[in-house]
Structures are given as C-alpha cells and as structure tokens.
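Chemist: Supplied in structure tokens, the structure appears directly below.
The values are calculated or read from the model by the stated rules, or taken from the named source; none is laboratory data. Computed from a prediction, not measured in an experiment: that's the story for all the values here. Positions of Cβ are generated from backbone atoms using ideal geometry, with glycine treated the same way; all protein chains shown enter the neighbour counts.
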Amino acid sequence: MKDNDSARKKLLIVLPAYNESGKIGRVVQKVKAIELVDCIVVVDDCSSDKTSDEALSAGAIVLRHEKNQGVGAGIRTGIKYGIENGYEICAILSGDDQHEPKEIKRVVGPILKNEYDFIQGSRRMKGGCVVNDRPFRMVTTQLYSLLFSFLTFRRITDATNGFRAFRLSIFNNPAINIDQEWLDRYELEPYILYKVVKDKNIRFKETPITIYYHQSRKQFTKMKPFLDWWRLAKPMIYLGLRIRK
C-alpha cells in the first residue's frame, strides 16, 4: 500500500469476514500488493476463530462486531468507516479468497478516471470467469440476475456478485438509506445495487471479474437455503412494490 496522496483519490478496501481464519490473512496480503490501495479494513462479524488476529498480523485495520449481525451489517460498518475517515472510493471483496485482488484496478479504474460512480463485478459477462463453478449455483445466480433485471428494467448479468467499487458520495443521497435494520444480513447488497441502477444520476456499469471456489461444495457459501435466498430477493421485491424505501 502507498501512503495517502491528496492529489489522487483515496481507495479503501473493505473485507467483511466471519470465521475466515486460514483465508483472511492471505486475502489481506494479496490486497496489500496492489499499489492503488490506501487502506484495508477487515470487518470481523464476531468470529469464533482467529479471524481478527490473522487480519491484524497481515496488516489490516480490524473492526470487530461483538455480536454477529450479518454480512450486510459488516459492509455497512466498512462503508461508514470510509465516510468518517474521508475516503472517496470503496471497493468490497470477499474475505474468503473468492475474488482476485489483481482485478481491483480493473474494477476501480473507471471510477478513478471519473467515467463511472459504481462498478459491479460480473463473472457472467464476456471476459469473466468462474473456477470450480457448480451447475446449481450457475443456474440460480443467473435466474436471480434475470429477475433483478426484469424488476429494475436494466440488464444486469451478475446481481449477486460481491466484488464491487463505488464512490462513497453516493450515500449522501437520502434515497439510499443503508441504516435500516432489515438490511443487516444478505439484504444490503441487493438493496444498494437496486437503488444505484434505478438512479439516473449514478453512472453505473458492470465489468468482468474472476471468482474462485477453492474447496468442497459445502465450503462455497455460508448461506442457509430458503431463508437467505429470501433475504436476497426481499430488497428488489420490497423496493419494487414500494413496501420499503
């Protein structure tokens, strides 16, 4: 990481993590090697393992929740840290080493050039890649993206991808309220994406990225079937029907 330079944008990387010991240190080390990065924050969502210690030893700032709140709450904590500490751009990557830090420049570059305000990573568009994908995951993520596209009237190829970057100034918009408690778990990410693609003043695009699924099938996700699937669907349904704001 370089020292902050007031002549350029300040880039914060947020890594939400829950019981990622054995992975999070490796992710932090990979991100540290990227010249664009000014600061790495690991948000430990009350892990029961050595996630916090490993992240600190690798050189990250660690913000720990004393009670497990969910990945949405973790991302919110990272976003608020960025806003409070004057960062201009935030990028979110998975804490379990599924994303490729070498692609940070590709994701953040269009924002640094002032061409876009929000970049969503996509494993499904041309140039994207999934290593060790499973048929069920491939079908369900594509179906979700089709539904998301239908409800937002905008083609999104990979609405569930957690690799993204954005200007923190988008949260100055009172229409984007990330402080709502119902967004604590898997709801926050599709909520933000929905709000962004529906806002004509936010310059948005997708860019191809790589996702790695390193281990056995059961290690691919911490999501609980049905309950967490509903949490992913809830924001686009609630916002589409104007049940929530």
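Chemist: I'd like the full set of residues that are surrounded by fewer than 20 Cβ atoms within 10 Å (Cβ to Cβ) and within 19 Å of His99 (Cα to Cα), limited to segment 39-58.
Modeler: Across segment 39-58, the qualifying residues are Cys39, Ala58.
Chemist: Same structure, new question: Restricting to segment 166-182, and then to whatever is part of a loop (DSSP other than H, G, I, E, B) and in contact (Cβ under 8 Å) with a residue 60 or more places away in the chain, can you tell me which residue is farthest from the chain's Cα centre (by Cα)?
Modeler: Restricting attention to segment 166-182, the residues satisfying the condition of being part of a loop (DSSP other than H, G, I, E, B) are 173-180.
With the extra rule that they be in contact (Cβ under 8 Å) with a residue 60 or more places away in the chain, the set shrinks to 175, 177-180.
Numbers: Ala175: 20, Asn177: 17, Ile178: 14, Asp179: 16, Gln180: 18 Å.
Of everything passing the filter in segment 166-182, Ala175 is farthest from the chain's Cα centre (by Cα).
Chemist: Take the residues in segment 59-75 that are farther than 12 Å from Val41 by Cβ, of a type outside the set (Gly, Ala, Ser) and in contact (Cβ under 8 Å) with a residue 40 or more places away in the chain, then tell me which one is surrounded by the most Cβ atoms within 10 Å (Cβ to Cβ). It would help to see each step written out before you state the result.
Modeler: Start the filter on segment 59-75 by keeping residues that are farther than 12 Å from Val41 by Cβ, which leaves 65-73.
Subsequent filtering for residues that are of a type outside the set (Gly, Ala, Ser) retains 65-69, 71.
Retained after the next criterion (residues that are in contact (Cβ under 8 Å) with a residue 40 or more places away in the chain): 68-69, 71.
On the way: Asn68: 15, Gln69: 18, Val71: 26.
That would be Val71.
Chemist: Another question about this same structure. Taking Phe163 as the residue in question, decide whether it is touching a His at 6+ places or on another chain (Cβ under 9 Å), crowded, with 21+ Cβ neighbours inside 10 Å and not acidic (Asp, Glu). Full working, then the answer.
Modeler: On the way: touching a His at 6+ places or on another chain (Cβ under 9 Å): yes; crowded, with 21+ Cβ neighbours inside 10 Å: yes; not acidic (Asp, Glu): yes.
So Phe163 fits the description; yes.
Chemist: Take the residues of segment 31-59 that are assigned to a helix (DSSP H, G or I) and either in contact with a Lys or Arg (Cβ under 8 Å, 6 or more places away or on another chain) or aliphatic (A, V, I, L, M) (or both): which is farthest from Arg185 (Cα to Cα)?
Modeler: Of the residues in segment 31-59, the ones assigned to a helix (DSSP H, G or I) are 31-32, 51-58.
Now restrict to residues that are either in contact with a Lys or Arg (Cβ under 8 Å, 6 or more places away or on another chain) or aliphatic (A, V, I, L, M) (or both): 31, 52, 55-56, 58.
Values: Val31: 25, Ser52: 20, Ala55: 22, Leu56: 24, Ala58: 26 Å.
Filtering segment 31-59 for residues that are assigned to a helix (DSSP H, G or I) and either in contact with a Lys or Arg (Cβ under 8 Å, 6 or more places away or on another chain) or aliphatic (A, V, I, L, M) (or both), the one farthest from Arg185 (Cα to Cα) comes out as Ala58.
Chemist: Please indicate, with yes or no, whether at least one residue in segment 93-111 is closer than 28 Å to Arg26 by Cα, modelled with pLDDT of 95 or more and exposed (fewer than 15 other Cβ atoms within 10 Å of the Cβ).
Modeler: yes
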